[in-house]
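*Asks:* I'd like to ask some things about the structure below.
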Amino acid sequence: MKLTGNPVFPGWYADPEGIVYGDTYWIFPTLSLLYGEDRYIYKNDLNRKTDAINQEYNLQTHFDAFSSKDLVNWTKHSKVLSIENVKWVKYALWAPSVIHANNRYYIFFGGNDIQNNGQLGGIGVAVADKPEGPYRDAIGKPLINKIINGAQPIDQFVFKDDDGKYYMYYGGWGHCNVVRLSESLTDIIPFDDGETFKEITPEKYVEGPFMMKRNGKYYFMWSEGGWGGPDYSVAYAISDSPLGPFKRIGKILQQDPNVATGAGHHSVITIPGSDEHYIVYHRRPLGCKLANERQVCIDKMEFDDKGYIKPVKITFDGISPVKIR
């Protein structure tokens, strides 16, 4: 039987958002590193690492997407969203988060890597009539354009609760906020207590929040460690509320020195109608030194009989085919 193999598709990609639309799996990642031998001049010159990263930011100007019927065989959809369709974004188009609502497909993204509140950039939202796009800017400006509670406006994840409410978790620089989204997904609305931005930062949080719900419990996950280093990893908490509190339980995904390093910034695909879960994440191949040398991988994620997430074993083989039943 053919397995996915890891990475699941070729190319340098990161921050993968996995989702099910109908009978098809989708992965929307960040473009991490462009092809070309000239990109490799930095491998043996780590003093130029910062210059290399900055060059990559300037080239991260579109998203590709990948679709599959079985999690094994993937089709590439090029440039589903490009800065040509988001006039306020010039570079650093990062970490797509996707959702279907209102008979349309939405993609949330970070743009321009803002470092202060005087810069134009932040978190935006684009819409399309098909999962593969093309996506176009929905509001003509960032949805969140400021650093609030110390959280850089990046790495957004949109979560729909069972009661129909939409939440967006986001934040870099070691701080995480949650906001509520309107039904149109194009506005931020206050919580019942009148607050708009709630900081929910758990211990050791760095970036890359993700939320899922299982058996009435909220599983909040995030990345910790340095995104460009081998210690990048994923930890989690469990709460009775989408707003926490979130007390860190421990790591569930991290490097294996025999397989890969820097395993983090994940999402989870749950097979519809089942309690079967797969973690989609990026990692750095052994021997690679560049921060942006990242590939998208899939491995199985399981729970124990008490509802805790078992540590994930990262593999070269990946998983067996799984069709949506």
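Every number in this text was worked out from the coordinates using simple rules, so none of it is lab data. Worth saying up front: this structure is predicted, and the values here are computed from it rather than measured. Reconstructed Cβ throughout: ideal geometry from the backbone, glycine too, with neighbour counts over all protein chains shown.
*Asks:* Just rank Ser82, Ser320, Ser223, fewest to most, by other beta-carbon atoms within 10 angstrom.
*Replies:* Ser320, Ser82, Ser223
*Asks:* So how strong a dipole does segment 269-315 carry about its Cα centre when Lys and Arg Cβ are +1 and Asp and Glu Cβ are -1, to the nearest 20 debye?
*Replies:* Roughly 380 debye for segment 269-315.
*Asks:* Using a Gaussian network model of the chain whose springs link C-alpha atoms within less than 10 Å, name the residue from Asp113, Asp64, Asp304 with the highest mean-square fluctuation.
*Replies:* Asp304
*Asks:* Could I ask something else about it? Could you pull out which residues in segment 121-156 have an amide N less than 15 Å from a spot 7 Å beyond the Cα of Lys90, following the Cα-Cβ vector?
*Replies:* So the set is 121-122.
*Asks:* Something else: Give the residue from Ser67, Gly225, Ala237 lying farthest towards the positive end of the charge dipole for the chain; charges sit on Cβ (+1 for Lys and Arg, -1 for Asp and Glu) and the dipole is referred to the Cα centre.
*Replies:* Positive-most Cα among the choices belongs to Ser67.
*Asks:* Turning to a different aspect of this structure: What is the distance, in nm, between label points placed 7 Å from the Cα along the Cα-to-Cβ direction at Ile238 and at Lys204?
*Replies:* The modelled label-to-label distance comes out at 1.8 nm.
*Asks:* Another question about this same structure. Treating the beta-carbon of each Lys and Arg as +1 and of each Asp and Glu as -1, no other charges, what is the dipole magnitude of segment 83-226 about its Cα centre, to the nearest 20 debye?
*Replies:* 220 debye
*Asks:* Could you pull the Rg and Dmax for the chain, using just the Cα atoms, both in Å?
*Replies:* Both quantities, over Cα of the chain: 18.3, 55 Å.
*Asks:* Still on this structure: What FRET efficiency do you get for Thr186 and Val20 if R0 is 25 Å and r is their Cβ-Cβ distance, rounded to the nearest 0.05? Provide the component values of the computation, followed by the final result.
*Replies:* Details: r = 23 Å, r/R0 = 0.94.
Efficiency computed from Cβ-Cβ geometry: 0.60.
*Asks:* How large is the charge dipole for the chain, taken about the Cα centre, if only the Cβ atoms of Lys, Arg (+1) and Asp, Glu (-1) carry charge, to the nearest 20 debye?
*Replies:* 380 debye
*Asks:* Take Arg180, Arg284, Arg248 and order them by how many other Cβ atoms sit within 10 Å, fewest up front.
*Replies:* Sorted ascending by nearby Cβ count, the order is Arg248, Arg180, Arg284.
*Asks:* In addition: With n ≥ 4 as the cut-off for DSSP H runs, can you work out [θ] at 222 nm for the chain, using -39500 (n - 2.57) per run divided by the number of residues, rounded to the nearest 500?
*Replies:* Estimated from H runs of four or more residues: -1000 deg cm²/dmol.
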